[in-house]
Structure formats: C-alpha cells, structure tokens
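Data block below; observations after.
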Amino acid sequence: MAMPMDFDGMRTDDASERTDDPTEYKRTCIDFIEDISHDYEAWVDYYKLPEDEDKRRRAGIRATITRTNEWIAKVAQTIKAIDVTMNDGIQKMAESTAGKPMQIGVFVNQQSSYTESKPGVIDVNVKASGRDGRKMKLGFHFKDDRFRIESTCGAYLEETDLPDEEFDLMDIHLKLHAEKAHQRDVISFTVTVFEIENHVEVDKRGVSTIVHIV
C-alpha cells in the first residue's frame, strides 16, 4: 500500500452532474469530508502504531473534519471556494494520517493551518527542524511541482530565489502572490520540506495552509 501523501484533488466529476447551488454543494462536500475521513482512519489502523501516536494521528484527522467543515459552511461562498476548502481538508487529513515526525510550522500573519490575510503579496514563514541532527531543506510537493496551490483568485507562490541550502533550523519566508484577490477568496497551498542526512533526502512532509482573504 502506498502512503496517502500525494493526494491531488478529488473532484473530477462531470460538471453536468454537479449542482450550481452552493448551499446544496456545501452539504455534499461536508458529507464527503466525513466519509473520506474513514479511509484515512483505516490507514491509521493499518500502520499499527504505538498508542500515543495512533491517538495523535486520529485527533488530527478529527480536528480537520471539524475545522474544514466549519470553513465550508461559513467561509466558502462559491462552488470553486468550496472545492478549494474541501481539497485543503483532504490534504490535511492525509498529512495527519502520515504523521508529523519533524517540527514544521507554516505561518501566515502568525496563524497556522487556517489563516486570514488581506489581498496583496502575503508573507509565508516556514520554520522546520529535523530529528537527530538532520538538516532541513525546501522540497518538492510532487516531481517538478515545488508547491501545491489552489485558489479562487489565481494566487501563486513565487519560485525565483528560493533558498536551496540545507538548514540546521529552517526559518524562511516565501511570497504568496494574491494581488488579484478580493474579500471571501480562498487560497490553499502545501509547502513540502525534506529531512536531509549526509546530503541525502531521508524523509519528507508537507504542510497545508488555507488563507481566507478578508
């Protein structure tokens, strides 16, 4: 069985099968988040973890269901925004399922995970430290894709001049371009870091963040 890490969006339905009513679609997606969470909990069963780690991962999944469904209900106003929010929640459940062995924090305005910002160039602070003296390096989400990003406003993370070095303690700043954003837009992005030993990648983890434009 492969790790459920590189999940890249569920909604591939034919558009004709989807409702155009955001209220109805919200209900569908809230149910979907609850349903798919059981798949991730089944993964946790499969790993046969020590009790405290097992509890930690399940708590992460449950917390994600609550917060994501709150955001679907209250923040997302359009079909696209509901999709972005739902996919962010699925990504976060996958991250909880895989566990969080390294210390990683991704912050927007000193908030993590579920955040808010004004439109413009948004500062994203990434902090990370490895285990047992290993170094940290900015990684790739998938093959040649540095970041996973989905938004209602064409947002993107700047990829010029990204730090390529290995850090004992990573504390870097990324630029999230959201100049075209308006109030109620949402942006979900995933930053991936590599844990490095003797210049070789030994582990990687992604952290997903959602931004509500206010």
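The values are calculated or read from the model by the stated rules, or taken from the named source; none is laboratory data. In this text, all values refer to a predicted model and were calculated from it rather than measured experimentally. Counting neighbours? That spans all protein chains shown, and the Cβs are built from the backbone with ideal geometry, glycine included. Note: areas computed on protein heavy atoms with side chains; ligands, DNA, RNA excluded. Shrake-Rupley method; radii C 1.70, N 1.55, O 1.52, S 1.80 Å.
Brief remarks follow.
- The chain - accessible surface per residue (Å², probe 1.4 Å): 51 Å²
- Apolar share of the accessible surface for region 59-133: 46 percent from carbon plus sulfur atoms, 1.4 Å probe.
- Extending 7 Å from the Cα toward the beta-carbon at both Glu34 and Asp161 defines two label points whose distance is 4.9 nm.
- Each label point was placed 7 Å from the Cα along the Cα-to-Cβ direction; for Thr23 and Val202 their separation is 5.5 nm.
- Of the residues Thr68, Thr192, Thr160, the one whose Cα sits farthest towards the positive end of the charge dipole of the chain is Thr68 (charges of +1 on Lys and Arg Cβ, -1 on Asp and Glu Cβ, taken about the Cα centre).
- Set against the 2.2 N^0.38 Å expectation for a compact globular protein, the chain has a Cα radius of gyration ratio of 1.02.
- Expected 222 nm ellipticity per residue - DSSP helices of 4 or more, -39500 (n - 2.57), all of the chain, to 500: -11500 deg cm²/dmol
- Residues in region 16-44 reached by a label modelled at Ala59 [backbone nitrogen below 18 Å; 7 Å Cα→Cβ]: 41, 44
- The chain, relative contact order [Cα under 8 Å, separation at least 6], %: 21 percent
- Spin-label model distance (nm) - Asp145 vs His173, 7 Å beyond Cα toward Cβ: 2.8 nm
- Spin-label proximity, Asn125 to region 173-214 - amide N less than 11 Å from point 7 Å beyond Cα toward beta carbon: 173
- Whole-number percent relative contact order across region 106-158, with pairs defined as alpha carbons under 8 Å at least 6 apart: 20 percent
- In a DSSP loop and with at most 11 other Cβ atoms within 10 Å, the trypsin sites (Lys or Arg not before Pro) in region 22-96 are Lys48.
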